[in-house]
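Visitor: Have a look at this one.
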Amino acid sequence: MEETEEVNFGDSETVKETRITIHLSPSEKEEYIRFLKEHQYIFGWSYDDMTGLSTSIVADKLPTNPMYPRVKQKLRNFKPNMSLKIKQQVTKQIKAKVLREVEYPTCLANIVPVRKKDGKARVCVS
């Protein structure tokens, strides 16, 4: 896997982070970052930037058979630091309108955290 470094095109409040290879000469790196900054309007930095995105493409629906009863999973407990990471990710996705809260009294699926190599957590929600 190619080694990369993070570059933030935003400021401390608005993070616009991407990764670039570390195998560039200083002049190539400077020119590459300048080019990306010039054209940063092309990238979707948040879900709000992706207006017009069809929900038929990005919405996930679980096909269920009404003939079978729904299953309520046993609630999992996570370590406090992982619980904090999960809460941050879920809150971020709710604010970006990627997730919405719903209540299913007969069905519950747990959140599944996946630790990434950089120590951050990816949250899988169904």
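The values are calculated or read from the model by the stated rules, or taken from the named source; none is laboratory data. If you're wondering where the values come from, they're calculated on a predicted model, not measured in any experiment. Positions of Cβ are backbone-derived with ideal geometry, glycine not excepted, and every protein chain shown enters the neighbour counts.
Visitor: If you check VAL98 against the conditions, is it within 25 Å of VAL15 (Cβ to Cβ) and at pLDDT below 80?
Guide: It is true that VAL98 is within 25 Å of VAL15 (Cβ to Cβ) and at pLDDT below 80.
Visitor: Restricting to the stretch 113-126, give me the number of residues that are surrounded by fewer than 14 Cβ atoms within 10 Å (Cβ to Cβ), under 13 Å from the mean Cα position of the chain (by Cα) and of a type outside the set (D, E, K, R).
Guide: Here the count works out to 2.
Visitor: What number of residues in the stretch 1-52 are more than 19 Å from ALA96 (Cα to Cα) and among the β-branched types (Val, Ile, Thr)?
Guide: Qualifying residue count, the stretch 1-52: 6.
Visitor: Taking only the stretch 1-36 into account, find how many residues are closer than 30 Å to ILE94 by Cβ and either outside any strand (DSSP E or B) or among the polar types (S, T, N, Q) (or both).
Guide: Result for the stretch 1-36: 12.
Visitor: If you don't mind, another one. List, please: which pairs have Cβ atoms under 6 Å, are six or more places apart or on different chains, and start with a residue in the stretch 72-93 that is closer than 15 Å to LYS120 by Cβ and end with one that is outside any helix (DSSP H, G or I) and of a type in the set (A, V, I, L, M, F, W, C)?
Guide: From residues that are closer than 15 Å to LYS120 by Cβ, the pairs are LYS85/ALA121; ILE86/ILE111; ILE86/VAL123; GLN89/VAL123; GLN93/LEU99.
Visitor: Check the stretch 75-90 and report whether any residue there is at pLDDT below 80 and out of contact with any Ser or Thr (no Cβ under 6 Å at 6 or more places or on another chain).
Guide: yes
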